[in-house]
Amino acid sequence: MNEAKVQTGPLGGSLSEQTTRPDCAVIALSHVTREYSGHAGVVRALADASFSIVAGEWVAITGPSGSGKSTLVNLIGCLDRPTAGELKIDNVDVASMSATELDRFRADKIGFIFQQFHLIPYLSAVENVMLAQYFHSMTDEAEARAALDKVGLGSRISHLPSELSGGEQQRVCIARALINHPPILLADEPTGNLDAANQTIVAELLQDLHRNGHTIVMVTHDPEMAGLAQRKIALSHGKVFCHPVGGPMVTLRR
Amino acid sequence: MFFRLLMESFRRQRRRKMLAGIAILLGTTAVTAMLALATTIGDRIHKELAVYGANIVVYPKADLLDVKVGGVDVKPASGGVYLKESDLQKLKAIFWANNITGVSPELPVQFAVSRQGDERLFPAKGVGYWFDHDFASLKTGAPALHPWWHLEGTWPSRSGDVVVGANFAKQLGLKVGDRFRMQSAPGNVGSSSSTVNVVGIVTSGDETDGAVLLPLQAAQTLVGANDGVRRVEVSARTKPEDAFARKDPETLSPKDHEIWYCRPYANSIAYQIREAIPGAQAEQVRRVEQSEGNVLNRISGLMWLISAAALLAAGFAVSAAMATAILERRGEIGLMRSLGASKGAIAFLFYAETGLLAVFAGTLGYLAGSGLAAWLGARIFAGDGGAAEAVLIPVLLPVVVALALVVAIAGSTPSIRAALRMEPSAILREDA
Ligand SMILES: Nc1ncnc2c1ncn2[C@@H]1O[C@H](COP(=O)(O)OP(=O)(O)OP(=O)(O)O)[C@@H](O)[C@H]1O
Ligand SMILES: [Mg+2]
């Protein structure tokens, strides 16, 4: 084992440089609004949100259904653009990027974990992970296998999603989210479809990632999961009404 | 991974791919068949129309009036200038020699005939012909240029053999195998008399029914004009007449003259024949030539219309099949976008899919279309000898595959664009 390997956490996420940079706000929102125009007029899914998340922070986003949590996560993940306001990821204003640049940026910076897993049903576990490599740069099956091994699925590599349990599917999803070493992990109710046992497994994986310096933004309804995060951002009717500044751990890192 | 995705999409969406593939297959089959027929149809129609006879006639320049009626010259046989039979060899050397499909020299004669055992003489008309004459790679002569002639018996193969017209045979009470005497008419140079065998009786529906058809050489002997022919019918494959074809070559610029000369118009071929044979006048027989051109134009117009319609229909079918196929997979598209896939990368994936399908279906369509063309050819041109031969025209393959690609890409573009326009976040939401 060489030194680089030792530095790398159990999930392959390296200790990111960002923790030591002076400007640590890896995600910065300033008066961000997102409106959807539907049949029943304009829906303001997110209204005037301003807060920032520093590198290495684990933030839980809570709020009732329809309060705009997914909207917020999609904005941070560059899957969507704000209607108004400024959103900076890694100190880059997303509004300044072209669609193609945004795609590239997303491939490099963001790892998504979904409540519904969104695995491709006809690809095996390892191929689902390799798909993320394919769209990022090039596939490397050995690396994809190693990633699955790290989430405890070393023996399920060639299973189809339909042959995996919900918890196992979510772990494939996590391996896929991590395969390109993105600094930011976005998890939209990662344990929403899981039982208690599987929730624990996923929670442990996330804790591991956090320890290894990943910035985690996690939407959750579960108080227990939310409790694992350093900070909670509560949403209600599209409004951020509680965003205490960084918790003890961030301060520690500073 | 790319090929894996490609293969899986074919394996999983077999029905949709099949529908789109069949649409392309049918479209390209129609197009191939049409193109294959269009390229061979010129030859075929020419063969068909050759039934109506020669398209160029050659006669001595001195004959200002060509007063031939139904294959028999009504001018006195003796009173003319002759072309030389030996000069006909020069036809083999003209620019469009290879387009000549038939040559039939004629020499009309007048003589007296008498039945065996009967001293009475009857005046009679005859024509000397080639029957099955070797000419370059052709076996040609009067029967080839008059395919509507109906023969009972055989064509003469020796001097002393003759074929008689049906009316003549009736008048003299002749049957195949009978003999009669021929005696040169008093006006003719030289004078001879011989007994000939009737080897066949011909029904033509025109003046030939009242005449005696004898080998050219025998006619030359009777007239006393060695090597002489009075008129030559030529059948040639020609380019349909257009305005340029009707230009007087002498008024054209040297460059245009060259172009005119090097196109297989009946006029150009006639011009080349005039050049090649001393003292000859050659003209196209326009009626047949024009109808040939008209039919060709009308048929190829119709074929283009059918081809375009078939391709358009294929395009719509592909479009419908792809619309559902892509709609089914929009969840995947949303996920791919979340993984950082650009629209271009995803579009490439789907285009590769339809492209592969198009190449595959287009190739099959090419094969099926070639088969269809052969079958149609056999149907349309029934009775035309080698009509049933399969026509695989290699140059059509890339053309047809390219058309299939264009159709498939045009057909799938609307659905691919629509799928990529959808917000990935919206797709992922509704996929819940
Ligand atoms: N693509 C869209 N088009 C129209 N309206 C939308 C769209 N996405 C979200 N909305 C609306 O925006 C509001 C916030 O939606 P969002 O999905 O962010 O809620 P959420 O907090 O994630 O809810 P849940 O906990 O149920 O997932 C809702 O009222 C929703 O109807
Ligand atoms: Mg949500």
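The values are calculated or read from the model by the stated rules, or taken from the named source; none is laboratory data. These numbers come from a predicted model, not from an experiment. As a convention, Cβ positions derive from the backbone with ideal geometry for all residues, glycine included, and neighbour counts pool all protein chains shown. Remember, those area values only see protein heavy atoms, side chains included, never the ligands or the DNA or RNA. Shrake-Rupley method; radii C 1.70, N 1.55, O 1.52, S 1.80 Å.
In nm, to one decimal, how far is the B:Gln89 label point from the B:Ser137 one, both placed 7 Å along Cα→Cβ?
Taking the simple label geometry, B:Gln89 and B:Ser137 are separated by 2.0 nm.
Can you work out the FRET efficiency for the pair B:Trp304 and B:Lys247, with r the C-beta to C-beta distance and R0 = 25 Å, to the nearest 0.05?
Rounded to the nearest 0.05, the efficiency is 0.35.
How big is region B:215-351 in terms of Cα radius of gyration and Dmax, in angstroms?
30.8, 100
Return the calculated 222 nm mean residue ellipticity for chain A, to the nearest 500 deg cm²/dmol, obtained by summing -39500 (n - 2.57) across DSSP H runs with n ≥ 4 and dividing by the residue count.
Taken over chain A, the calculation gives -10000 deg cm²/dmol.
Beyond 23 Å, what share of the Cα-Cα pairs of chain A is found? Please give it as a whole percent.
50
5 Å is the cut-off here: which amide hydrogens, built 1.01 Å from N in the peptide plane, fall below it relative to A:Val219, excluding neighbours closer than 5 in sequence?
A:Ile61, A:Ala187, A:Asp188, A:Glu189
Compute the distance in nm between two label points, each set 7 Å from the Cα along the Cα-to-Cβ direction, one at B:Glu283 and one at B:Asp256.
Roughly 2.4 nm, to one decimal.
Specify which residue in the list B:Val229, B:Ala219, B:Ile269 is farthest towards the positive end of the charge dipole of region B:218-271, using unit charges on the beta carbon of Lys, Arg (+1) and Asp, Glu (-1), about the Cα centre.
Comparing the listed Cα positions along the dipole, B:Ala219 ranks first.
Quick one: which of A:Lys88/A:Lys109; B:Lys90/B:Lys247; A:Lys109/B:Lys343; B:Lys61/B:Lys125 span more than 20 angstrom between C-alpha atoms?
Listed pairs above 20 Å: B:Lys90/B:Lys247; B:Lys61/B:Lys125.
Taking R0 as 25 Å, what's the FRET efficiency between A:Asp108 and B:Phe348 from their Cβ-Cβ distance, rounded to 0.05?
The value I calculate is 0.80.
Taking R0 as 35 Å, what's the FRET efficiency between A:Glu204 and B:Leu327 from their Cβ-Cβ distance, rounded to 0.05?
For A:Glu204 and B:Leu327, the calculated efficiency is 0.35.
Please determine, in degrees from 0 to 90 and to the nearest 10, the orientation of helix A:99-109 with respect to the longest principal axis defined by the Cα atoms of chain A, where the helix direction is its Cα long axis.
Around 60 degrees separate the two axes.
With each label point set 7 Å from Cα along the Cα-Cβ vector, what nm distance links B:Glu430 and B:Leu312?
Reported label-point gap for B:Glu430 and B:Leu312 is 3.2 nm.
At a 1.4 Å probe, which residues in region B:331-348 are at least 40 Å² less accessible with all protein chains present than in their chain isolated?
B:Glu332, B:Leu335, B:Arg337, B:Ser338, B:Leu339, B:Gly340
Counting protein heavy atoms only and a 1.4 angstrom probe, how many square angstrom of accessible surface do chains B and A bury in total, to the nearest 100?
What B and A bury together is about 2300 Å².
Restricting to chain A, compute how many DSSP beta bridges are antiparallel as a %, nearest 5.
For chain A, the DSSP antiparallel bridge percentage is about 55.
Report the extension gain between B:Ala410 and B:Lys175 in nm, rounded to one decimal, defined as 0.36 nm multiplied by the number of residues separating them, less their alpha carbon distance.
The span from B:Ala410 to B:Lys175 would gain 77.5 nm if fully extended.
What fraction of the DSSP beta bridges in region B:103-243 is antiparallel, stated in percent and rounded to the nearest 5?
Of all bridge pairs located within region B:103-243, approximately 80 percent are antiparallel.
For region A:197-212, just list the computed ³J(HN,Hα) in residue order, Karplus coefficients 6.51, -1.76 and 1.60, θ = phi - 60°, integers in Hz, with x standing in for Gly and Pro.
5, 5, 4, 4, 4, 5, 4, 5, 4, 5, 4, 4, 4, 4, 4, 8
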